[in-house]
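Notes for the one structure printed next.
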Amino acid sequence: MWKKAVSKNEQKLRAKLPVILDEIYCAYGVRFPEKTPVNDMIAVLSSLMTKLGIKRVNGKRHHKSCYQKALEKLEEYEAKLSQYELYNRLFDGRNSFSKTDNDATFMHMKEDHMRNGQLKPGYNIQAAVEGEYILGILKNGHISDAHIRMLFKQVNVHQNEDKSIDISFEMNGDWEGSKAIYVDPRA
């Protein structure tokens, strides 16, 4: 899911609420205050349908009343809105997330046999190494390493003869989210 698409569709959905409320006013003759939660509106409309003796119908050869149509539109609105709220919580400062693995972020992968620049869900893995021993591993869904810098005491950048760059990190003591392993080099 992409953050830009979710926010655009959420704005379109919120713009539909006044239209739905006008239909409810025409069907039920009920107006709701501006800040009324959608759950309360659905409960009021369901109780009104019960008081009026209108039953909900489904399937072929059954015609839905204007009351039921308005109520179903409001229920669809509530379901979509709760879905968008869930997506916004899952973004957690990122611009995308995968539906199958919510912690993964869409990234360009090196192995792209189609050569069409397709984005795939993935993780950014960082390993803290000292004296050829792995001290900690951090798995996160952020694309860049910019925010990781604050997790380490010192960042060393070294340019090799072949113009490649090696970056090494000195790990900070409280590295939350990592699996820290300490191996005594004397052992």
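No lab work stands behind these numbers, since they all come straight from the coordinates. These numbers come from a predicted model, not from an experiment. Because the Cβ atoms are built from the backbone with ideal geometry, glycine has one as well, and the counts that use them run over all protein chains shown.
Stretching the chain fully between Asp22 and Ala43 yields a gain of 5.8 nm (0.36 nm per residue, less the alpha carbon separation).
Any of Lys4/Lys110; Lys3/Lys110; Lys8/Lys99; Lys51/Lys80; Lys3/Lys80 with alpha carbons more than 21 Å apart? Name them for me. Working shown, then result.
Numbers: Lys4/Lys110 25 Å; Lys3/Lys110 24 Å; Lys8/Lys99 18 Å; Lys51/Lys80 28 Å; Lys3/Lys80 15 Å.
Result: Lys4/Lys110; Lys3/Lys110; Lys51/Lys80 exceed 21 Å.
If you add up the charges near Arg56, with Lys and Arg at +1 and Asp and Glu at -1, over every other residue whose beta carbon is less than 12 angstrom from its beta carbon, what do you get? Summing Lys and Arg as +1 and Asp and Glu as -1 gives +1.
Converting the Cα gyration tensor eigenvalues of segment 3-91 into ellipsoid dimensions via √(5λ) gives semi-axes, longest first, of 27, 15, 12 Å.
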